[in-house]
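Here the structure is laid out as structure tokens; the discussion comes afterwards.
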Amino acid sequence: MISSSRRHCRPMHAAIVGCCVFIARVGLATSFVPPVLFQQRSSISASSILMSTNEQPDAPIAAASKMTKNTDVEPSDEWELDCYSRPVLVDGKKLWEVLITDSSGSFRVCETLASNKVNSKELRRVVEEAIEEADVKPNIVRFFRGAMFNMINIALSEVDVVSKPSRCTFSLAGWLEERNRDVYPKMEGYRPTMAGGGPRASFLDVRTPVKLPDSLRGEKYAFVSLPLAEFLEGGGVNNENIGVGKVCPVDPTLPADAFVQGIVILTTRANGLAAWLAGTEVSGFKCDLRKRTLVMETDIDNQYLMAKLNDVQRAEGIAFEEGKDALGGLHFVSVQVDEDDDPAGFWLLKEMPDGL
């Protein structure tokens, strides 16, 4: 039997209290004072807050548009792409669009394709034209649409970029949410019953998570939280202290006093695990409350079993999932050796919404 213990560490921002920690191998609960970076859990409104952008919504027209640029942000060489039908009929046929943006949202390209021109050749043409017009040429192009994998992969194979099937398409997901909310419903021929081509609904999800190799498993995991203000301009989380991790865009209209839920993975192999996560396109973490498991989502549809949850840990998992819902899926993961150590990798993530 392992007894519960509490360890204290130096304060950074405010008083810190212990969070539930679970040891993956034996599944027994204990408690500890979380990393000095993290704050006490705070209650969050359960109302869902949708992602938005500073740009005006696209005009509700079914016509090709040129590249639009947002000069307020730095361009990125990591691009995001989608090619799929939308919930709109034009002359009795589905509206097909190609959407391209970069990870910082510095530009947007929206071009429609005739239904008889939905092929890798046309998609490659759109990508190449965007590259010619862009201020920064892409090195990586991510796409999340598994149903279009073959066509997109073929199109990008003839372009000088690295194609990555990934749900880390955070800027693109926000743009699609915006179009589903503000653009398509205003189009003539809009059919709401045609919407919903995005990630699979949970009740249809029959995937079995793959167990992580022992060499990559953390010894302990903890549910923690951080103020949203830490991720906004002037906050404490930046590229200087996230190791090999990444931070997704944050909607500046979200309440700065809200708390973002997260998971800390403590392991003596922190550098190795962080490096592995950086190469797997980690897109999110979720608590499967029915199966009582903590699961990591990567690539387009891969899952890894991180740990099993007992009753106490499941209660923490419920708060984790409620906190994610309150901030539109926003959450984070930090990998570090112990609670006093800087992260070897820190990722701010946003769960891919359904119906994209």
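The values are calculated or read from the model by the stated rules, or taken from the named source; none is laboratory data. All values reported here derive from a predicted model rather than from experimental measurement. Please note: Cβ atoms are built from the backbone with ideal geometry, for glycine as well, and neighbour counts cover all protein chains shown. For accessibility, only protein heavy atoms count, side chains too; no ligands or nucleic acids. Shrake-Rupley method; radii C 1.70, N 1.55, O 1.52, S 1.80 Å.
Listed by chain and number, the lysines placed with their C-alpha closer than 17 angstrom to that of K211 are K220, K286, K291, K308; residues fewer than eight positions away on the same chain are left out.
Rounded, prolate or oblate: which fits region 105-182, taking a ≥ b ≥ c as square roots of the Cα gyration tensor eigenvalues, rounded meaning a/c under 1.5, else prolate when a/b beats b/c? In terms of gyration-tensor shape, rounded.
Assign one of three labels to region 214-356, namely rounded, prolate or oblate, based on the Cα gyration tensor with a ≥ b ≥ c the square roots of its eigenvalues; rounded applies when a/c is under 1.5, prolate when it is not and a/b is larger than b/c, and oblate otherwise.
Values: a/c = 1.39, a/b = 1.08, b/c = 1.28.
Since a/c stays below 1.5, the shape of region 214-356 is classed as rounded.
Summing Lys and Arg as +1 and Asp and Glu as -1 over all other residues whose Cβ lies under 13 Å from the Cβ of V237 gives a net charge of -3. Overall, the accessible surface of region 198-322 at a probe of 1.4 angstrom is composed of carbon and sulfur to the extent of 53 percent. Extension gain for A256 to T68 (0.36 nm times residue separation, less C-alpha to C-alpha distance): 64.8 nm. Spin-label model, R207/K308: points 7 Å from Cα along the beta carbon direction are separated by 2.2 nm. In the context of the full set of protein chains, region 90-197 has a per residue accessible area of 45 Å² (1.4 Å probe). Normalised per residue, the accessible area of region 204-260 is 50 Å², obtained with a 1.4 Å probe and no contribution from ligands, DNA or RNA. Extension gain, A315 to E128: 0.36 nm times the residue separation minus the Cα-Cα distance gives 62.4 nm.
Where does the charge balance sit around P165 when Lys and Arg score +1, Asp and Glu -1, over other residues with C-beta under 10 Å from its C-beta?
Numbers: positive: R142, R145, K164, R167; negative: E281, D299, D301.
Once positives and negatives cancel, what remains is +1.
Using a cut-off of 32 Å between Cα atoms, the listed pairs K186/K246; K117/K186; K117/K324 include K186/K246; K117/K324 as exceeding that distance.
What FRET efficiency would be calculated for the residue pair S215, R290, taking the C-beta separation as r and a Förster radius of 30 Å, to the nearest 0.05? Walk me through the numbers on the way to the answer.
Working: r = 29 Å, r/R0 = 0.97.
Result of the calculation: an efficiency of 0.55.
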